[in-house]
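**Student:** Here you go, one structure.
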Amino acid sequence: MVCFVSNIRGSELMQAMGLYERSPFFIQLAIVFVFLLVLSLIIIYTVLFNRKFTDYLSDIREARWKPITQDLLIEIISETQDLPRNKAFDVDRHLHKFEPFRFSEHNHRRRILINSIVDLREQLSGNTKKILLYIYLKLNLQKDAIRDLDSLFPRRVIRAITELNKMGYVLEDEQMQQLLTRKNKYIYHVARTYYFLYHSNFSIDVLVERGEKLSAWDEMELFSTISQLSEDSVPQFAQWITPQTPEDLVALSARLAVHFLQFDAACQMHQLLDTCSDWLKIRLINAIGKLMQAECEKGLIARYPNEENPEIKKEILKALGRTGGDLSPDFLVRAFLDETDFNLKKHAALSAFKSMPMAEIRELPFFDRLSTDETALIQYIKNPLINFN
Amino acid sequence: MLKNILLQLFDFYQYLIFIYCLVLFGIYLMLILSSRAAISKYKRESLTVDKDILLRSYLSPGISVIAPAYNEGVTIISNVRSLLTLSYPRFEVIIVNDGSKDDTLNKLIAEFKLIKTDYACQQELSTFPVRGYYKSVDRAYQKLLVIDKENGKTKADAVNAGLNAARFPYFLNTDVDCILDSDTLLELIQPFITSHKRVIAVGATLKMANSCEFDAGMLVRAKPPKKLLPRFQEIEYIRSFVTGKMGWSYLNAVPNVSGGLGLFDREVALKAGGYDRHSFGEDMEIIIRMSQYMLDNKLEYIIKYIPVTLCWTEGPESLKILTRQRVRWARGLLQIIAQYRKILFRPKYKKLGMLVLPYSFLFELLAAFIEVGGIFIYIFLIYTDRIDWPFAIILLLFVYFFSIALTTLSLVWNQIIFKQYKWHEVLYLCFTALWEPIIYHPLVLFASLKGYLFQLTGRQHSWGNMQRKGFVQKPATSKT
């Protein structure tokens, strides 16, 4: 760009004021940009100082009110939690202590109080959680979050749902269902967790209706949420292990069936193996193995030679190591000797060791005739210093 | 006649350079906007991922942390301890002792109670011979595996040895002398598990550790470097990561994931052939190789950057070491462009062929030559008295202010989002940025040209390993 200046027939006497009008287009453009850039620098520096100032104000407020609210909460907790029976009036007696600080009138102070209650509730356990929820409800602090559920700003809605979730505040079933219809995917995600935790009669069908493919994280989060529930409050997940259900939800249901030890689901999983994709097949075989259903053993062994995908073969070998049936040990030893793929050989050996004691393996006729690589693999698998999980 | 032709050619060259600059500034503006969008998206997405779930869940995918070490005896123990304390439910730490001549291996054996052990793994990538695998008899260090191998002259060879032994589907490539944030794995794995498309690599921001305070391998307080040279590098890194790489990440056109910190899909890395041990720019090379593999097999993929600082590394404080480092980077770039020239401008390779490599070629590799050419022409114009000073100054001011605005925006943006420094320290960095185009940039330009020359003439140069000074140690009081 610098060399372009040679082409310009500008006058040496050009005055500063007349420079712009008499300049070629690209120089005019450069002048405008220089001004814009200087302006943007001024704006950036203004933002910098403004942020510093607002941070400073916020820090002052926080430094003043946070210790007060935390001390107050801890004082009430310490005076009420050790009483033989935590009756409501035990806490009620202390509620007047909040009045001088006028939390209901000052948004900023109320936000600090809510955050302190939520934080404390996360850190503490047992009766304290109930006391904190009681204070939260008695001071009517949930009204901000409930109001924000209808906000146009997704960030506020997300904060509101998260707050209600962390406080264990249960909305009406219909309200929960309504939140699940929100188009914003971030709101939907937090609403979904809330729904599965607190809905009185949840169903995987709400996920089917949404038609959204689950990511690995979605599955992990849903599994983590649902697995927190008690066994008697969850449905039979086998009802979603069908060809009609989307595969990602079948995989989730299979995982949940394993977690809640719903052994009957193994048959459904086994039936689905003939029609599903390789991805789901891997997941279902894994679940069958974890449910340790020996009756599926024969089917898995029969399937092994016909499968081309080494990942499926690997899962079959792993599952056979868990099922504990009579046919597995011989099959696994044979697979170890016959397979040429390193990974399959390794998993066959690992599963064989799981399904029969080392002493028995040593007595097998082939044990002394193993190749160097096979012996090394056996040594590796036996190595107690290596964790194969 | 000849004079006219020459003058016309000169005019044509000027217009070409003018268009070149317009495109370059256009790209910078686009990167500013797309990085803003990428950071906002990251912030929104991180709201939905609960790290506690990730930390507790046995469903979290396993990660192999691979850290090659060569003559790191001074700092190896604290650095390995730092890696072992990463917060993540399923990971292993693989230290590859790349034929160190000092006491690196002996120190590891003594400190972590290591014994040589049987280890069977598929040698999918060829490397210099492995002398042994070491595991700890102490269950507290169950996650640690030390590979002792012959020196392969490059980091790539050591990482390949680690890749052969890795057990998990993802691997983190880092340098053993880097200090990682304890949440590194929790942060880097998120794009892999939240995306519906296959993510093959994720990088994060690196910063200078020179003046930061550490305690037992953990960052206590982040501070901008006090010395001028590392401070310039800090500014360069922030601009490059916060604006450059985040912007490219939004467009799914990330050219490289830093060699100091990157999480990769192991399967794709292996299928693509692992790291090229002859490359000077192995971090960029592996990304192009993995991308090429995915495109050749018609598989969709994503390479992402996250705007969080997860790695602190010691920046060169001497001009000599800095020059060596930049010479190597420049050689790497030229080597890669030459190696992958067949991909350049080929629509079959989509963004890789039409955007990533062309940008690297036109606006990184050629930029140095164009800049030097510009300086010579400037001198020539001054000498022949054909220069129009007011216009020349306006254009110089334009370039200068554009550069300053871009850097300042990145610095302030970074601070607003992550608040890693105190505001007066950001201001300090902003003032340093005023000098960067005048002092630091010419040094980097010189080193780049030297690197290109070395590569073209096949001249050998030192790898640029720096003498570690160690970090400022302070007992933990509070984390900023």
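**Student:** Before we move on, is B:Ile379 touching a Lys or Arg at 6+ places or on another chain (Cβ under 7 Å), in a helix (DSSP H, G or I) and surrounded by fewer than 17 Cβ atoms within 10 Å (Cβ to Cβ)?
**Tutor:** Judged against the criteria, B:Ile379 is not a match.
**Student:** On to the next question. Among the candidates A:Arg93, A:Arg102, A:Arg85, which residue alone is at positive phi, more than 26 Å from the chain's Cα centre (by Cα) and modelled with pLDDT under 85?
**Tutor:** Among A:Arg93, A:Arg102, A:Arg85, only A:Arg102 is at positive phi, more than 26 Å from the chain's Cα centre (by Cα) and modelled with pLDDT under 85.
**Student:** Looking for something assigned by TED's automatic domain parsing to the domain that holds B:Trp312 and at pLDDT below 85 - is there at least one such residue anywhere in region B:424-439?
**Tutor:** no
**Student:** If you don't mind, another one. I'd like the full set of residues that are farther than 18 Å from A:Ser40 by Cα and either in contact with a strand residue (DSSP E or B) (Cβ under 8 Å, 6 or more places away or on another chain) or assigned to a helix (DSSP H, G or I) (or both), limited to region B:382-406.
**Tutor:** B:Ile382, B:Tyr383, B:Trp389, B:Pro390, B:Phe391, B:Ala392, B:Ile393 - these are the residues of region B:382-406 that are farther than 18 Å from A:Ser40 by Cα and either in contact with a strand residue (DSSP E or B) (Cβ under 8 Å, 6 or more places away or on another chain) or assigned to a helix (DSSP H, G or I) (or both).
Here is a yes/no grid of residues against (1) closer than 13 Å to B:Tyr70 by Cβ; (2) outside the structural domain of B:Met290 (by TED's automatic domain parsing); (3) of a type outside the set (A, V, I, L, M):
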site: B:Tyr133; (1), (2), (3): no, yes, yes
site: B:Leu145; (1), (2), (3): no, yes, no
site: B:Ala156; (1), (2), (3): yes, yes, no
site: B:Val159; (1), (2), (3): yes, yes, no
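**Student:** For the structure I just gave you, tell me whether B:Tyr42 is closer than 30 Å to A:Thr162 by Cβ and part of a helix (DSSP H, G or I).
**Tutor:** Yes.
**Student:** Where residues in region A:21-77 are within 11 Å of chain B (Cβ to nearest Cβ) and among the small types (Gly, Ala, Ser), which of them is farthest from B:Ser403 (Cα to Cα)?
**Tutor:** A:Ser23
**Student:** To continue, here is another question. Checking the conditions here, which among B:Ile286, B:Ile302 is outside the structural domain of B:Thr127 (by TED's automatic domain parsing) and buried (at least 19 other Cβ atoms within 10 Å of the Cβ)?
**Tutor:** B:Ile286
**Student:** Identify the residue in region B:89-122 that is surrounded by fewer than 21 Cβ atoms within 10 Å (Cβ to Cβ) and hydroxyl-bearing (Ser, Thr, Tyr) and, among all such residues, is farthest from the chain's Cα centre (by Cα).
**Tutor:** B:Thr117
A quick yes/no check of all residues on (1) more than 7 Å from chain A (Cβ to nearest Cβ); (2) more than 30 Å from A:Tyr188 (Cα to Cα); (3) surrounded by 15 or more Cβ atoms within 10 Å (Cβ to Cβ):
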{"residue": "B:Leu16", "(1), (2), (3)": "yes, yes, no"}
{"residue": "B:Ile19", "(1), (2), (3)": "yes, yes, no"}
{"residue": "B:Leu22", "(1), (2), (3)": "yes, yes, no"}
{"residue": "B:Arg36", "(1), (2), (3)": "yes, no, yes"}
{"residue": "B:Val49", "(1), (2), (3)": "no, no, yes"}
{"residue": "B:Ser57", "(1), (2), (3)": "no, no, yes"}
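**Student:** Something else about it: Taking the residues in region B:369-389 that are aromatic (Phe, Trp, Tyr) and closer than 14 Å to B:Phe10 by Cβ as candidates, determine which candidate is nearest to the other protein chains (Cβ to nearest Cβ).
**Tutor:** B:Tyr378
**Student:** Counting just the residues of region A:208-245 that are at pLDDT below 90 and assigned to a helix (DSSP H, G or I), which one comes out farthest from the other protein chains (Cβ to nearest Cβ)?
**Tutor:** Ranking the candidates gives A:Asp232 first.
**Student:** Going by the conditions given, is B:Val327 away from chain A (no Cβ under 14 Å), among the β-branched types (Val, Ile, Thr) and part of a helix (DSSP H, G or I)?
**Tutor:** Against the criterion (away from chain A (no Cβ under 14 Å), among the β-branched types (Val, Ile, Thr) and part of a helix (DSSP H, G or I)), B:Val327 qualifies.
**Student:** Please return the ranges of strands (runs of 3 or more DSSP E) entirely within region B:179-294 where 1 or more residues are within 14 Å of the chain's Cα centre (by Cα) and over 27 Å from B:Leu55 (Cβ atoms).
**Tutor:** B:199-208
The values are calculated or read from the model by the stated rules, or taken from the named source; none is laboratory data. Treat the numbers as computed from the prediction; the structure is a model and nothing was measured. A quick note on method: Cβ atoms are made from the backbone with ideal geometry, for glycine too, and the neighbour counts reach across all protein chains shown.
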